[in-house]
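Peer 1: This structure is in structure tokens; I'll ask about it shortly.
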Amino acid sequence: MPIEGTSGAAAGGQLEERVDLSSEADAKLDQAKSLVATSGPDSLREALSLLAALEKRCRVGNDTPSLVRVCETSLQLCKDCEDDEALVATLKNLATRRSQKTKAVSALVQKAMPWVLEENGYKPLPVQNNEQKAIREKLVVSLMEITDGKIFLEAERARLTRALATIKEEDGDVAAAAEVLQDVHVETYGSLSKREKVEFILEQMRLTLGKKDYIRAAIVAGKINRKAIAEEGMEEEKIKFFTLMTEYHRHQKDAFELAKDYHSIYSTSTVQADEAQWKDALQSSIIFLAMSPYSNEQQDMMNRINVDPNLEKIDSCREAVKLFLKKEIVNYPLPHQAELEALPALALGGPDLTAHWRKIFHTRIVQHNVRVAALYYRRIHGKRLSQLLGLDPVDLEAEISNMVSDGSVYAKIDRPNDVIWFAQKKSAEAVLSDWASDISSLLHLVESTTHLIHKENMTQ
């Protein structure tokens, strides 16, 4: 027969013996509370010793509900007595007991977290002096040590890690804050929602960029699922992500990636609802797109922007897009050159970077003009081309040489005769093949025309 107050002995290892200690727990919890209430903080140690013995009995007897109540009361007594040292020590001792129950550890963490963090958030509670600040940080670190490696406390560990990073950042140590967040691979946490994961990774990106670690920032950015931030309700996270990416690509001086970043911000629904925001994003996207190297992707994006109805509301950008899409020589400076170069996006990064963008802008215009010249001329005198493009012959030769090296245009320069050849010399076989192709097309047209004439005669 099982003893009264137990759940029966374990049978074949399938059921642990559980002793019901709820009555004893009620009595000793009341005794500990009254002891502290009557004698004050001086009796805290005695009350904790009383509860420690009860905690061991509940833990060994597998009475988890009573064990949770004992652990929570122990922490609450320390808090009520305002003994922060005892609070931290009690928290560590109870959480690291041998064979401690997961529910008890979870209850301890849940009980202590509101004392250092805002409710259901990650921001640390404000403090009044350095002593409170030190205790707050010590408690956060202790909670992080307790939650380390425990899957059932992943969400709490993520919140505590962000809180510690915030504390480090408030102290002005951005590098330490970034290192704290780097230790958490939140993308592997299954207990966090999609939004919480994205927010955590964005915070990692922000701090990593803050300490100028651009290589790690690119690695962290790769953890963001683009489809996830494109979903409805994730507009704020999408804007924050691509804003951070503009900082990274600005450091890399990658104009085309900057154009795509700003266009992603522009296409966000919340930005579309605010005319000032979408105008700024669209203007930034267009100016960096104009500075991008010529490619099929760049031309495709420019053609898509060209049919955007909102482009009609920005005269300077509309004219710039049309000029770059036309197969005509563009005069430098552009009609709205000053307005385009005064955009706020070009001023970010310092005066050196602004000067770099202006130089690149001029280079892209020159390259556009060279491509147009190569389209209409098989050969041309260098002096004449310099006049058409408004460039010094030396600068023109250097730019054509760069374009030939990039493979964006074919050209040969005959310096003694000052002639630039844009047409590649064809072999006899290639000329014969082109002639045969032309004759075939001509015969096809003649045959089609004859057929249509006969058809018309038969209908009359």
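The values are calculated or read from the model by the stated rules, or taken from the named source; none is laboratory data. Computed from a predicted structure; not experimentally measured. Cβ sites come from the backbone with ideal geometry, for glycine too, and all protein chains shown count toward neighbours. Only protein heavy atoms, including side chains, enter the accessible area calculation; ligands, DNA and RNA are left aside. Shrake-Rupley method; radii C 1.70, N 1.55, O 1.52, S 1.80 Å.
Peer 1: Gain in length, residue 93 to residue 410, computed as 0.36 nm per residue apart minus the alpha-carbon separation, to one decimal in nm?
Peer 2: Extending this stretch completely gives an extra 106.5 nm.
Peer 1: Taking amide H atoms as placed 1.01 Å from N in the peptide plane, list the residues 5 or more away in sequence, or in a different chain, whose amide H sits under 5 Å from that of residue 379.
Peer 2: So residue 379 has HN proximity to 422.
Peer 1: Can I get the semi-axes of the chain's equivalent ellipsoid? Compute them from the C-alpha gyration tensor as square roots of 5 times the eigenvalues, in angstrom, largest first. Walk me through the intermediate numbers first.
Peer 2: Values: eigenvalues 1093, 157, 72 Å².
Those come to 74, 28, 19 Å.
Peer 1: Quick check: the angle from helix 393-406's long axis to the longest principal axis of the chain, C-alpha only, nearest 10 degrees?
Peer 2: Between helix and principal axis, roughly 60 degrees.
Peer 1: Additional query: For residue 191, what accessible area in Å² do you get when you roll a 1.4 Å probe over the heavy atoms of the protein chains, rounding to the nearest 10?
Peer 2: Surface open to solvent at residue 191 totals about 70 Å².
Peer 1: Using alpha carbons only, how many angstrom separate the centre of the range 175-210 from the centre of the range 238-252?
Peer 2: 16 Å
Peer 1: Could you give the length gained on full extension between residue 38 and residue 110, defined as 0.36 nm per residue of separation minus the Cα-Cα distance, in nm? Numbers along the way, then the final one.
Peer 2: Numbers: separation 72, 0.36 × 72 = 25.92 nm, distance 2.80 nm.
Between residue 38 and residue 110, full extension yields 23.1 nm more.
Peer 1: Tell me the GluC sites (Glu not before Pro) within the range 41-115 that lie in a loop according to DSSP and have at most 16 other beta-carbon atoms within 10 Å.
Peer 2: Values: sites: 46, 55, 72, 82, 85; in loops: 82.
Hits after loop and neighbour filter: 82.
Peer 1: If you don't mind, another one. Restricted to Cα positions, what overall size does the range 269-424 have along the principal axes? Three whole-Å values, descending.
Peer 2: Ordered largest first, the range 269-424 gives principal extents of 60, 33, 25 Å.
Peer 1: Whole-Hz ³J(HN,Hα) for each residue in the range 145-151, computed from phi via Karplus 6.51 cos²θ - 1.76 cosθ + 1.60 with θ = phi - 60°, x for glycine and proline: what do you get?
Peer 2: Karplus values, whole Hz, x for Gly and Pro: 5, 5, 7, 4, x, 9, 4.
Peer 1: Which of 211/359; 79/111; 194/279; 212/240; 211/240 have a Cα-Cα distance over 20 Å?
Peer 2: Values: 211/359 28 Å; 79/111 11 Å; 194/279 30 Å; 212/240 18 Å; 211/240 18 Å.
211/359; 194/279, as the Cα separations exceed 20 Å there.
Peer 1: Another question, then. Say a paramagnetic label sat at a point 7 Å from the Cα of residue 236, along Cα to Cβ; which residues of the range 207-225 have their backbone N under 17 Å from it?
Peer 2: none
Peer 1: What does the helix-only formula give at 222 nm for the chain: each DSSP H stretch with n ≥ 4 adding -39500 (n - 2.57), the total divided by the residues, and the result rounded to the nearest 500 deg cm²/dmol? Intermediate results must be reported in sequence, preceding the final value.
Peer 2: Numbers: 23 runs with 309 residues, N = 460.
Per the formula, -21500 deg cm²/dmol.
Peer 1: Additional query: If you project the alpha carbons of the range 251-316 onto their three principal axes, what span does each projection cover, largest first, in Å?
Peer 2: The Cα atoms of the range 251-316 stretch 31, 26, 20 Å along their principal axes.
Peer 1: Still on this model: Using the C-alpha gyration tensor of the range 140-193, what are the square roots of 5 times its eigenvalues, in whole angstrom, with the largest one first?
Peer 2: Its equivalent ellipsoid spans semi-axes of 20, 12, 8 Å.
Peer 1: With a Förster radius of 41 Å, plug the Cβ-Cβ distance of residue 339 and residue 299 into 1/(1 + (r/R0)^6) and report the FRET value to the nearest 0.05. Before the final figure, lay out each step's value.
Peer 2: Values: r = 24 Å, r/R0 = 0.58.
The pair residue 339/residue 299 has a calculated efficiency of 0.95.
Peer 1: Right, here's the next one. Students sometimes get this wrong: rank 92, 103 by accessible area, probe 1.4 Å, all chains present, largest first. Let's see the in-between values first.
Peer 2: On the way: 92 75, 103 135 Å².
Descending order: 103, 92.
Peer 1: With N set to the number of residues, divide the alpha-carbon radius of gyration of the range 408-460 by 2.2 N^0.38 Å and report two decimals.
Peer 2: Numbers: Rg = 20.8 Å, N = 53, 2.2 N^0.38 = 9.9 Å.
The range 408-460 yields a ratio of 2.10.
Peer 1: Stretched out fully, how many nm does the piece from residue 152 to residue 419 gain, at 0.36 nm a residue minus the Cα gap? Don't jump to the answer; show the numbers that get you there.
Peer 2: On the way: separation 267, 0.36 × 267 = 96.12 nm, distance 7.57 nm.
Result for the pair: 88.6 nm of gain on full extension.
Peer 1: Determine how large the accessible area of residue 368 is when every protein chain is in place; take a 1.4 Å probe and give Å² rounded to the nearest 10.
Peer 2: Surface accessible to solvent at residue 368 totals approximately 10 Å².
Peer 1: Rounded to two decimal places and with Rh computed the Kirkwood way over Cα pairs, what is Rg over Rh for the range 77-134? Intermediate values should be presented prior to the final figure.
Peer 2: Values: Rg = 12.7 Å, Rh = 12.7 Å.
Rg/Rh: 1.00.
Peer 1: For the residue pair residue 125 and residue 187, what label-to-label distance in nm results when each label sits 7 Å from Cα along the Cα-to-beta-carbon direction?
Peer 2: The two pseudo-label positions are separated by 3.6 nm.
Peer 1: Please calculate how many Å² of accessible area the chain carries per residue, with a 1.4 Å probe and no DNA, RNA or ligand atoms counted. Mind dumping the intermediate values first?
Peer 2: Values: 25850 Å² over 460 residues.
Result: 56 Å² of accessible area for each residue.
Peer 1: Once you place label points 7 Å from the Cα toward the Cβ at residue 226 and residue 355, how far apart are they in nm?
Peer 2: Result for the modelled spin labels: 3.5 nm.
Peer 1: Summarise the accessible area of the chain (1.4 Å probe, protein heavy atoms) by the percent that is carbon and sulfur.
Peer 2: 51 percent
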